[in-house]
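The values are calculated or read from the model by the stated rules, or taken from the named source; none is laboratory data. On a predicted model such as this, the values are computed, not experimentally measured, just so you know. Glycine also receives a Cβ, built like all others from the backbone with ideal geometry; neighbour counts cover every protein chain displayed. Side chains are part of the model used for accessible areas, which takes the heavy atoms of the whole protein and leaves out ligands, DNA and RNA. Shrake-Rupley method; radii C 1.70, N 1.55, O 1.52, S 1.80 Å.
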Amino acid sequence: VQEIGNIFFFSSRRRHTRFLPVSWARRCVQETDAEYMGNLKYFRKMSEPNNTQTNSNVEPVSTTEKITTSIKTGWSYLFGGLFKPRLETVQSVDLNRYAGKWYEIGSMPFGPSQGLVNISANYSVNPDNTIKVENSGFIGSPQGVEKRIEGKAWVADSQTNSKLKVRFFWPFSGDYWIVDLDEDYQWAIVGEQSRTLGWILSRNPVISTELYEKLKNKMQSVGYDTARLNKCQQIHSTNPQQ
């Protein structure tokens, strides 16, 4: 799952630090953790046109569309939750059980993931109890260029473990709130206060129509505009769980 701060890095195709304060740009260069410079390279690739030929029905998404979506998302994320009812989360999360691979089944519009298929996230608990986050997807089809990004998450509410912060690029971080969770940890709904960003996740890349509608209705009941919910294409020749 991704953070809203990333939108600032889509403003220029080749000079991604143009609008960064000097201190931030210097921090990016000096940062010893390689994930930050790796992710800067990721943002550059994401903003360049994709010429890969695919056989998928997924329509290519232009850089302009990604920028527009990201700006709208950023504005709504920052200010959209000020006058909305508090978004409730689940009462308890076992992070060790929550760890592992999740497939994105549905999501609210977010620029970086537009045009990607087979989107997944892998979470692993670090020795210091932070969580390593690895997101990936393929442009247009499973044979398209793979896009990967790594980040770190940490618990923001230690009483429940249901509210986390996620960071992919210093100094930005975003909310990751577990709104609903299957008792067997087979599906989850993740969101944040503004209801701008939201995801339906599953351990299996394909879920039944009945379950999808149930989770969609749950998102609507807590204030999401599910008319904007996009269903992610999961295209697998075999069941990856097998």
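When restricted to residues that are within 15 Å of the chain's Cα centre (by Cα) and either within 14 Å of Leu201 (Cβ to Cβ) or of a type outside the set (A, V, I, L, M, F, W, C) (or both), the stretch 112-139 contains 16.
Here the stretch 142-196 is the region considered, the condition is being without any contact (Cβ under 8 Å) to a residue 24 or more places away in the chain and assigned to a strand (DSSP E or B), and the residue that is least open to solvent (accessible area, probe 1.4 Å) is Asp175. Filtered by the rule that a residue be open to solvent by 30 Å² or more (accessible area, probe 1.4 Å), under 22 Å from Ser194 (Cβ atoms) and either at pLDDT below 95 or part of a helix (DSSP H, G or I) (or both), the stretch 78-97 gives Leu78, Phe79, Leu82, Phe83, Lys84, Pro85, Arg86. Against the numbered list (1) within 19 Å of Trp199 (Cα to Cα); (2) at pLDDT below 90; (3) open to solvent by 30 Å² or more (accessible area, probe 1.4 Å), Gly74 comes up short only at (3). Just one of the numbered conditions (1) in contact with a strand residue (DSSP E or B) (Cβ under 8 Å, 6 or more places away or on another chain); (2) more than 23 Å from Val90 (Cβ to Cβ); (3) not hydrophobic (A, V, I, L, M, F, W, C) is not true of Tyr176: (2). Looking at the structure I just gave you, is Val155 touching a helix residue (DSSP H, G or I) at 6+ places or on another chain (Cβ under 8 Å), over 24 Å from Asn118 (Cα atoms) and either aliphatic (A, V, I, L, M) or at pLDDT 95 or above (or both)? Yes: the conditions hold for Val155.
Here's a check for you: in the stretch 227-242, which residue that is open to solvent by 50 Å² or more (accessible area, probe 1.4 Å) and of a type outside the set (S, T, N, Q) is modelled with the lowest pLDDT? The selected residue is Pro240. If you filter the stretch 98-114 down to residues that are touching a helix residue (DSSP H, G or I) at 6+ places or on another chain (Cβ under 8 Å) and not in a strand (DSSP E or B), you find that the one that is nearest to Val190 (Cα to Cα) is Met108. Tallying residues that are open to solvent by 70 Å² or more (accessible area, probe 1.4 Å), touching a residue at least 24 places away in the same chain (Cβ under 8 Å) and not aliphatic (A, V, I, L, M) within the stretch 197-217 yields 0. For Gln220, the criteria (1) more than 22 Å from Asn96 (Cβ to Cβ); (2) part of a loop (DSSP other than H, G, I, E, B); (3) free of Cβ contacts under 8 Å to residues at least 40 places away in the same chain hold in every case but one, which is (2).
Among the conditions (1) open to solvent by less than 20 Å² (accessible area, probe 1.4 Å); (2) within 26 Å of Thr226 (Cα to Cα); (3) not in a strand (DSSP E or B), the only one that Gly137 does not satisfy is (3).
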